[in-house]
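Scroll down for the structure; my scribbles are underneath it.
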Amino acid sequence: MKTGLNFEHIQNIAYLGPAGSYTEMAMDFFVHKYEIQAHPFEQKTIRQVAEFVDENPDSIGVLPVENSIEGAVRETLDNLIRLKNRNIKILSEVIMPIEHCLLARTTEFYSITSGIISHPQALAQCQNFIHAELPYSVQVMEASSTAEAARSLVNYNLTYAAIGSKKTADIYRLNVLRENINDDKSNCTRFILIGDVESEFVKGMQSTLAFSTENKPGALLDVLEIFRNNKINLSYISSRPSKQMFGEYIFYVNFDGHTSHSQILKTVEEMKAKTTFLRFLGSYEKDVVKNV
């Protein structure tokens, strides 16, 4: 399958850990899709992943960028524009369903009477299950990640459980007591692969740009009208404070097409006159929700 990417020189692939995280599952997907022969490096934070790729030219990285319920992953957006190497860009994306499971050292569901442990977002996404299926007295306990919650069960007796993925259960040798316990069954997260790798055009690509405008009425609309006038479809827009001046924002947009296209080159050129900051963040294959 033609992918438009060549990873032969890549030695390392960094990802947001710990082992068993959904980001590691996304990494596994990219490694399989592109037949990447690289050593995985687990990192504790999104910033560490970005810095690892920034400081090691033979490395790529995997990061979460958007959740269908929680929205944009702010730390990822912030770190993308902090990268010193401006050749680092988004190379690919995968949208993965997030299926939370109830994990425990015991095989008996009704033994879970003391506590349930997980990342705050996972706990929030499983509120209906927690309230309807578990005893009212069960203590809800937060962990730094779903994988860390699973790992920590070794410190508790058999009346405690964690919320995590099936892969987490395999890694920490836990039993899956209930599957797909998240309230919203359509919950999914978009993950991106980043690195200093050239991309060629293949069918079904989209591009990402980050930009800022002057803080005045109509400034953002002026930029968005450039896309409309050039008949380019915007599929996503998000904003983050610039952290330079109060009231100043950086906007992130996804749009159909590759930046090598003449129509998009014309659009970007017109944007320069309407923006105070403009950075290309990559052209890559657009993904759809899938089971992986």
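Summary of values
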| read-out | value |
| --- | --- |
| Partners for LYS84 among lysines (Cα-Cα distance below 19 Å; same-chain residues under 8 apart left out) | LYS243 |
| Percent of Cα-Cα distances greater than 37 Å, calculated over the chain | 22 |
| Whichever lysines have a C-alpha closer than 29 Å to that of LYS166, once near sequence neighbours (fewer than 8 apart) are set aside | LYS33, LYS44, LYS185, LYS286, LYS290 |
| Considering only the chain, percent of DSSP beta bridges that pair antiparallel, nearest 5 | 75 |
| Helix-derived mean residue ellipticity, 222 nm - over the chain, DSSP H n ≥ 4, -39500 (n - 2.57), to 500 | -7500 deg cm²/dmol |
| Relative packing of 266-272, 248-254, which averages over residues the other C-beta atoms within 10 Å, highest first | 248-254, 266-272 |
| Antiparallel %, DSSP beta bridges [both residues in segment 101-178], to 5 | 50 |
| GNM flexibility winner over the chain from PHE52, PHE277, PHE255 (Cα, springs under 10 Å) | PHE277 |
| For LEU63, LEU5, order by how many other beta-carbon atoms lie within 10 Å, fewest first | LEU5, LEU63 |
| Sequence of SER118, SER111 once ranked by neighbouring C-beta atoms within 10 Å, starting from the fewest | SER111, SER118 |
| Antiparallel bridge percentage (DSSP; both residues within segment 1-148; nearest 5) | 15 |
| Cα-based reach from LYS266 at 20 Å (exclusive), listing lysines while leaving out same-chain residues under 8 positions away | LYS231, LYS274 |
| Packing-based exposure ordering (other Cβ within 10 Å, fewest first) of GLU75, GLU133 | GLU133, GLU75 |
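Values quoted throughout were computed directly from the atomic coordinates according to the rules given, and no laboratory measurement underlies them. Just so it is clear, the model here is predicted, and its values are computed rather than measured. Positions of Cβ are backbone-derived with ideal geometry, glycine not excepted, and every protein chain shown enters the neighbour counts.
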